[in-house]
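To start, the structure under review is shown below, and the notes come after it.
The values are calculated or read from the model by the stated rules, or taken from the named source; none is laboratory data. Just so we're clear, the structure is a prediction, and the values are computed from it rather than from any experiment. Ideal geometry is used to build each Cβ from the backbone, glycine not excepted, and the neighbour counts take in all protein chains shown.
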Amino acid sequence: MDLKIVKDILLDNRNVESVCCYEHKEYKQNTYDCAVFCDLVVDGKRIPVMIGISDTWRTTLFDFYIRDNDVFPFIPHVEKNGKICLYDLEAVLIDANFEGVLTQCIQRAIDTIRTGLSGENIKDFIEEFNSYWLQLPRVIIAKLDAPSTRNTARLKYVYDLSAAKKQTDIIQQKLLESSTELFACTDSSNMFITWEITGTQKNGLYICVDLEEYLYPPDPRQNLSEGYINQLLGMAGEAGIGRLLKKARDPLVLIFDLLQPDKTRVILGAMCSKASMAGTEGKYQLGCKSEIRPLCVTRVDVEYLQSRTADTANPLRGRKCLLIGCGSIGSYIAGMMVKSGCDDITLVDNQFLNEENIYRHLLGKQYVGDYKSVALDKHLKNNVPDISVKSLVDRIEDLAMEESVDFSNYDFVLAATGNHNVNRWINNYIKTNEIKVPVVYTWNEPLDIGCHVLFIDYSSGGDFESIFSSDENGEYDKTAYCCSNQIITRNQSGCGGSFIPYGSEVSIQSAMLTVDILKQFYTRRIACDLLISCKGNGFFFHRAGLEHTNRYDNQLEMIATEHLSDIL
Amino acid sequence: MDLQSCFIAFHDKIRLNSSTKKELREKRDTLLRILRDSGKLPSFNEFSQGSYGMSLGIEPIAGEEYDIDVGLRFNVNKDDFEPLDLKDAIFQILEDHTDYGAKIKNPCITVTYKKDGEKAFHVDLVSYAYEDKNDHDSQMYLAKGKTSNQEDDNYWEKADPVELLNYIKDTIDCEEDREQFRRAVKYLKRWKNLKFDNSGHAEPPSIGITLLVLNNFVARKGDDLSVLVEAVNNIVESFHFHNVDGNGRWIYTISCPMPLGLRFEPDSDAFNKMTHVQMTNFRDKAVKLLDDLREVQEEADLVKQCKKLNKIFGDDFEIPEVEAVSKNQLNYIPSSTASGVDDGFENS
């Protein structure tokens, strides 16, 4: 790092004064290749800062610190050690122009300080409330299975310090104490089972408050005060706290679920040993003989966890799914479906998972020898909380005949056997019985030539048979990329052991298209029956000496979507 | 095209254009008329001071205002008035003259005007009184102070603004050299506008730069770059080491007393409002400027020179199109020998 280059850039900047550059200097427990001590000019005021520059600036940018942070006002985007948060580096592209990037960062720092001191960006506190709460001294991480409806209620929590207390080494004890998390929920204790939480369950309070005025985070450089908590209790009004307090235990745990005036939801908490609550309904005040420890609450309820996958409520949540076929395609579909919010799924497959399956199946050697549907059931429940999975080991035809499966009980059906004969049976069964349930048929073509997804909403008269035609050679699939009358199956284990070769990436592609088409359907972006054909590279297909159809040649796009009625 | 023509073009961009000067003059004249017609002030004679008076005014950079400084020599004895008496009276007359009103500052009263809804101009009215109102050659005094509060420092300060102006105007005899001097000062004023924040006294005062450039000025016909290099070198040489601060930074000071023979307070110095830290910051930037200008001198290619100067002086220093430069260069390629003339080369 050339200090002269850095100094020259700063000297050219009218908003930077008193520049001193140091090489390989430590500051706030970080070592920088170049540390610059200077003043930033902000609305005529000189703010002493430290700019830390590392050779990794292309990925980490620069660190800006306010040097006299102990006496600097508490403003948004400045951490308690004085570090200014310049940019959220997630999904940001950093230009390789050092001077440009440094100049831009300086301006950003100035703007952050200026808007903070003037109060212009005070609302930013609201958006990042939890990040300031997390910086409070002696904070405890709490995980909350938040209820689906916001109502003040009794809280059950587990805060198990037994492992820490067993430590004889003081340092280890402190480390364990500081890393012990608190788990809490309101509706039931299922959360503790789901997340395998052991320890004594105690009662606390979960208090919901709709704020009339904005609540800003406390200064993280100070301990959380009684006054701050009492301010929240005052805002809670007559929420039935008195009744809940009677069953609360020491240490008193209060979790506040706040709705700011702009509907931003903030959940925070406090734990207090030897606490007392005095007052009457609507006017409770906390008295705490020992310190109040802030709880930084992260939600672990399904609704919140799934919100990272979509910007609004998940369209697949609450819908019942029947998945027929738990082979390569079906296994990836099942995994993606539950991760996409589908929380009720019935799996149908009568085959075992064998060694030869594991390289193109979601499941691996752990489940070899198990029925595919049962193994998948176990895997999904072990890894995703709060889902209902049922596994059926049989052929769908038999299950339907025995009435063990009623298609009309499901919101949609996924046909993932990859077997057109089974698909035709499903189609015929549904049409004959006039069942109005949408079906998504998914199948792969050999090797890397491609895959297809066919969506039929049976309420509008669609028919799977429409993809077939016949000529002098017999019936053929009009959608196929692979010419008919070629030997495409392989057999490595004798009669009954034949299979169509393709890699797991083809099944993953099919699964992605399947989940996507369902999301489109449930967000009303599909108006008719559709065929989505994904054209593969075909390198291995052609190397195997196989021939493709005109349809393959005629498709220009990698993924083509056409109406079922238009398939020629 | 050569570098000098680029400097001239830059100068043309930054100097105050005639319509702006006219507008400033009109505003000045309007204020003077209001003051005279008010009947609330003693008689006075005005004169232009500051950059306008010295023909050193430049276009302000974006976000800053045009300004004109007007000295008001009141025909009064300074002992007959408190420093704020005249300023308060002026303030009351002009208080609501514009949307932004008038403001009493330590050395002057500022009246701010807007244009297109934004602050655009201000006129600084500086009040003077005489030692002896009947002798206009007697010592002049500047009225300093902002409020009548006892804590504030209100006083009459010895000043000789007209002679200072004359000194700056008349030191260089040759008109062409004087023009070059003015260009150099304007270039440096644009540089300082870009490189220094103008709040407080962080930005070195224009009078200081003007005097430093003038005191050591050597004209270089058609070579503004060399004049600039020498001027900045002289500025850098004017700094003196003072001490080392707690961070190990070397602290410098600079001084530029008023010219000998002028009747200012004995300790008057163009840089006396700057702190040592501000002076050191000034030196740091001046040293860099000197390095950058020397790099321009060492660069042979015109376009590259202009790119460096554009970085120093901002976008008003234009970078010529490569074609415009190369066209000129092509003009310097010798023509081929005429046909039929033996050029002395063997046929291949």
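General observations
- Selection count where residues are more than 7 Å from chain A (Cβ to nearest Cβ) and either within 9 Å of the chain's Cα centre (by Cα) or not aliphatic (A, V, I, L, M) (or both), scope the stretch B:184-198: 10
- Residue in the stretch A:348-363 that is within 30 Å of residue A:406 (Cβ to Cβ), in a helix (DSSP H, G or I) and under 19 Å from the mean Cα position of the chain (by Cα) present: no
- Count of the stretch A:1-45 residues which are at the interface with another protein chain (Cβ under 8 Å from one of its Cβ atoms) and either of a type in the set (A, V, I, L, M) or assigned to a strand (DSSP E or B) (or both): 7
- The listed residues are B:14, B:58, B:8, B:104, and the only one of them that is out of contact with any strand residue (DSSP E or B) (no Cβ under 7 Å at 6 or more places or on another chain) and within 29 Å of residue B:222 (Cα to Cα) turns out to be B:8.
- If the condition is being touching a residue at least 24 places away in the same chain (Cβ under 8 Å), over 29 Å from the mean Cα position of the chain (by Cα) and surrounded by fewer than 17 Cβ atoms within 10 Å (Cβ to Cβ), then the stretch A:522-543 contributes A:528, A:537, A:539, A:540.
- Every condition in (1) aliphatic (A, V, I, L, M); (2) surrounded by 13 or more Cβ atoms within 10 Å (Cβ to Cβ); (3) at pLDDT below 95; (4) outside any loop (DSSP other than H, G, I, E, B) holds for residue B:330 except the one numbered (2).
- Restricting the first member to the stretch A:459-474 and to residues that are within 13 Å of residue A:437 (Cα to Cα), and the second to residues that are polar (S, T, N, Q), the beta-carbon pairs closer than 7 Å and six or more apart or on different chains are A:463/A:427.
- Residue in the stretch A:84-105 that is away from every other protein chain (no Cβ under 14 Å), under 27 Å from residue B:250 (Cα atoms), out of contact with any helix residue (DSSP H, G or I) (no Cβ under 9 Å at 6 or more places or on another chain) and not hydrophobic (A, V, I, L, M, F, W, C) present: no
- Residue match in the stretch A:46-57 (condition: in contact (Cβ under 8 Å) with a residue 60 or more places away in the chain and in a strand (DSSP E or B)): yes
- Selection of the stretch A:388-427 for residues being within 12 Å of residue A:439 (Cβ to Cβ) and among the small types (Gly, Ala, Ser) yields A:415, A:416.
- So residue A:156, is it modelled with pLDDT of 85 or more, of a type in the set (D, E, K, R) and more than 20 Å from residue A:283 (Cβ to Cβ): yes
- Among the residues listed as B:157, B:176, B:163, the single one being more than 14 Å from chain A (Cβ to nearest Cβ), outside any helix (DSSP H, G or I), over 26 Å from residue A:13 (Cβ atoms) and in contact (Cβ under 8 Å) with a residue 40 or more places away in the chain: B:157
- In the stretch B:262-281, the residues that are free of Cβ contacts under 8 Å to residues at least 60 places away in the same chain and either on the phi > 0 side of the Ramachandran plot or exposed (fewer than 15 other Cβ atoms within 10 Å of the Cβ) (or both): B:266, B:267, B:272, B:276
- Qualifying residue in the stretch A:239-248 (condition: closer than 18 Å to residue A:151 by Cβ and assigned to a strand (DSSP E or B)): no
- Residue in the stretch B:115-130 that is within 17 Å of residue B:28 (Cα to Cα), touching a residue at least 60 places away in the same chain (Cβ under 8 Å) and either among the aromatic types (Phe, Trp, Tyr) or in contact with a Phe, Trp or Tyr (Cβ under 8 Å, 6 or more places away or on another chain) (or both) present: yes
- Residue ID - farthest from residue A:461 (Cα to Cα), chosen from residues in the stretch A:544-568 that are among the β-branched types (Val, Ile, Thr) and under 32 Å from the mean Cα position of the chain (by Cα): A:559
- Only one of the listed residues (A:114, A:150, A:138) is modelled with pLDDT under 90, in contact with an Asp or Glu (Cβ under 8 Å, 6 or more places away or on another chain) and not hydrophobic (A, V, I, L, M, F, W, C). That residue is A:150.
- Residue in the stretch A:255-281 that is farthest from residue A:126 (Cα to Cα), counting only those that are surrounded by 14 or more Cβ atoms within 10 Å (Cβ to Cβ), touching a helix residue (DSSP H, G or I) at 6+ places or on another chain (Cβ under 9 Å) and free of Cβ contacts under 8 Å to residues at least 60 places away in the same chain: A:279
- For the stretch B:199-307, the helices (runs of 4 or more DSSP H) that sit wholly inside it and include 3 or more residues that are within 14 Å of chain A (Cβ to nearest Cβ) are B:276-298.
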